Amino acid sequence: MDKKVVELLNAQVNKEFFSAYLYLGISKFFTKQDLPGFASWYKVQAEEEQEHAMKIYDYLLDQDEDVSLDQIGAVNIDCKDALDAAKAADKHEHYITEEIVKIMDAAVEAKDYRTQLFLNWFITEQAEEERNSKDMIVKIEMLGNDKKNLYLLDKELGARK
Ligand code: OFO
């Protein structure tokens, strides 16, 4: 495989694990806010991010490439409220979309059609991730960003498996 494509995929494994870590941090924030439904929703999201990382990990090994398991950055969640946390998640998803697009660009340049096919799943997934993170902001803004108003949404979010 093209060296740059492999490097970017390798870096993305780390970024997806960092996403998991970030969502765990947001989940912890909501646990401490006594909003267990939000906490559970973001914990499920953290698990999804680990699956994303493992998809790329498996793909690289399937192509007989190596995978470097680099250090995952620390997460310091400094959110003042639910809306702030939802906005942090939304910002992160836009960043991840940009990173996936960069890998796709490199795969196109390298005429690496197999990796382009592989990345199609992530392109679709990022559209869903951005929609979900935006929906969360819209819901919080509609209900009102205080704990009493968020109680009902907390019940709904707790149902995510
Ligand atoms: Fe892996 O999609 Fe979110 O970050």
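The values are calculated or read from the model by the stated rules, or taken from the named source; none is laboratory data. Nothing here was measured: the structure is a model prediction, and the numbers come from that model. Note: ideal-geometry Cβ built from the backbone for every residue, glycine included; neighbour counts use all protein chains shown. Accessible surface areas use protein heavy atoms only, side chains included; no ligands, DNA or RNA. Shrake-Rupley method; radii C 1.70, N 1.55, O 1.52, S 1.80 Å.
Some points to look at:
- Overall Cα dimensions of the chain - principal axes, largest extent first, Å: 54, 27, 25
- Rounded to the nearest 500, the helix-only mean residue ellipticity at 222 nm of the chain stands at -28000 deg cm²/dmol, with each DSSP H run of n ≥ 4 adding -39,500 (n - 2.57).
- Extreme residue, positive dipole direction of the chain, given options 22, 113, 137 (C-beta unit charges): 137
- Between the helical axis of 113-143 and the longest alpha-carbon principal axis of the chain there is an angle of about 10 degrees.
- For the peptides 61-73, 93-105, 133-145, the ranking by packing is 93-105, 133-145, 61-73, with the highest mean count of neighbouring Cβ atoms within 10 Å listed first.
- Solvent exposure of the range 3-157, expressed per residue, is 56 Å² of accessible area, with all protein chains present and a 1.4 angstrom probe.
- Accessible surface of the range 3-157, 1.4 Å probe, proportion on carbon and sulfur as whole %: 52
- The heavy atoms of residue 113 present about 140 square angstrom of accessible area, all protein chains included, probe 1.4 Å.
- Extension gain for residue 94-residue 131 works out to 12.3 nm (0.36 nm per residue, less the C-alpha to C-alpha distance).
- Counting only aspartates and glutamates at least 8 places from residue 111 when in the same chain, those with an alpha carbon closer than 15 Å to its own are 2.
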